[in-house]
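Colleague: Could you have a look at this structure, given as structure tokens, before my questions?
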Amino acid sequence: MKRHILLLFIFCGLICSLKAQDPVFSQYYAAPLQMNPAFAGNTFAPRIALNYRNQWPGLGSPFVTYAVSYEQLFEPLNSGIGLSVLSDDAGNGIYQNTNFGLSYAYRLNISDDFFAKFGTEVGGTQSNLNWDKLFFADQIDRVSGATSTGGVPNLSNENRPDDLSKIYLDIGAGFLFYSPKFYGGISAKHLNTPNESFINFNENLENGLPIRWSLHGGMQISIQEGNRLQWPVFVAPSLIMVKQGDFGQINAGAYVGFGMFFAGAWYRHAFSNSDAAILSAGTQMGIFKFGYSIDLTVSDLAMSGTGGSHEVSLIINFENSESVKKRRRTARHNDCFRLFR
């Protein structure tokens with residue numbers, strides 16, 4: 001019971017605070033548009049991605065996130081577009097966000113082996129708060145907890161907001177450069193710092209949703225080129241830094257692809273403490289790519305029995321279909337984004 005009450009206080013603090021954070025997928029390679037809009041259109045044919053994240057299921061699945069995206073390259077225009085929808089549920093329906101985004105990326109050919117992409121994202125977010133599921137400090141009884149002995153919630157003196165649903169505009173941008181062997185980029189989400197708070201203590205102090213900065217880069221090291229007798233093998237080390245308000249994290253690790261299989265390992269460190277070890281694995285067959293990952297909590301929170309975090313992803317890349325391959329026998333990607341495909 002203490003565990004659940006603690007979580008409810010956390011949710012209330014996030015809702016009332018000006019420093020909420022975005023959900024971030026550990027399988028960043030399966031949800032590139034969530035990291036940088038400049039990734040839009042990295043495949044010749046359409047690419048569809050579905051993502052699911054369940055964080056800390058041992059505490060009752062308090063944070064569950066779903067995402068779906070579509071992207072495609074328009075090669076004659078050197079442009080890529082992307083559509084994405086993300087739904088985040090905190091506290092089993094207490095606080096819900098649904099974000100719709102439209103991304104556009106323009107590709108600039110600097111040389112035969114070096115490219116730059118500039119991306120923008122425009123979207124909207126709807127936030128909903130279920131006030132009736134919240135519990136406050138003045139409701140907690142030492143004996144019965146937040147409810148009476150008969151199961152009826154204790155009364156609270158907290159004032160209910162007039163509006164429990166908000167819709168706001170959200171704008172982001174990103175830059176990406178790459179070659180056949182390495183890539184790097186930077187992105188900024190919530191450039192307009194929209195006001196997502198349901199409770200404004202002082203409008204003059206309202207700063208809005210903090211900008212989420214992301215700095216990311218990686219390499220692609222080919223170990224073995226594929227042919228009829230051998231599987232292609234490559235290693236893709238990466239480094240990701242994310243900063244939003246007072247929150248920040250660094251992810252470092254590597255993705256390994258070997259034929260139809262792939263695996264990866266990363267270590268995530270929050271700016272103030274160690275966070276989690278991330279392990280992932282999956283398979284790729286034709287147009288389908290399926291992945292699973294688990295975050296093994298290594299911080300003090302592990303003592304609470306969080307159950308880690310689990311992610312499942314499914315990518316449908318029509319570029320790998322036989323019909324597209326026949327039409328594009330001479331086409332090749334002059335980049336190091338194989339892990340994203």
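Bear in mind these aren't lab numbers, they're just calculated from the coordinates by the rules spelled out. From a predicted model like this one, the values you see are computed outputs, not experimental measurements. Here the Cβ is made from the backbone with ideal geometry for all residues, glycine too, and neighbour counts use every protein chain on show.
Colleague: Quick test for you: out of 316, 287, 294, pick the one residue that is of a type in the set (Val, Ile, Thr) and more than 22 Å from the chain's Cα centre (by Cα).
Modeller: On the way: 316 fails: more than 22 Å from the chain's Cα centre (by Cα); 294 fails: more than 22 Å from the chain's Cα centre (by Cα).
Selected residue: 287, the only one of 316, 287, 294 that is of a type in the set (Val, Ile, Thr) and more than 22 Å from the chain's Cα centre (by Cα).
Colleague: Quick one: what pairs do we get from the range 23-39, first residue within 17 Å of residue 186 (Cα to Cα) and touching a residue at least 60 places away in the same chain (Cβ under 8 Å), second assigned to a helix (DSSP H, G or I) and not hydrophobic (A, V, I, L, M, F, W, C), C-beta under 7 Å, 6+ apart or different chains?
Modeller: 25/34; 35/28; 39/32
Colleague: Same structure, new question: Of everything in the range 222-241, what is without any contact (Cβ under 8 Å) to a residue 24 or more places away in the chain, among the hydrophobic types (A, V, I, L, M, F, W, C) and surrounded by 15 or more Cβ atoms within 10 Å (Cβ to Cβ)? Give them in sequence order.
Modeller: 235, 239
Colleague: Give me the residue from the range 36-51 that is part of a loop (DSSP other than H, G, I, E, B) and not hydroxyl-bearing (Ser, Thr, Tyr) and, out of that set, nearest to residue 25 (Cα to Cα). Outline the logic, then answer.
Modeller: First pass over the range 36-51, keeping only residues part of a loop (DSSP other than H, G, I, E, B): 36, 40-46.
Adding the requirement that they be not hydroxyl-bearing (Ser, Thr, Tyr) leaves 36, 40-42, 44-46.
Working: 36: 12, 40: 17, 41: 20, 42: 19, 44: 24, 45: 24, 46: 22 Å.
Here the answer is 36.
Colleague: Are any of the residues in the range 298-305 surrounded by 15 or more Cβ atoms within 10 Å (Cβ to Cβ) and in a strand (DSSP E or B)?
Modeller: The answer is no; no qualifying residue exists.
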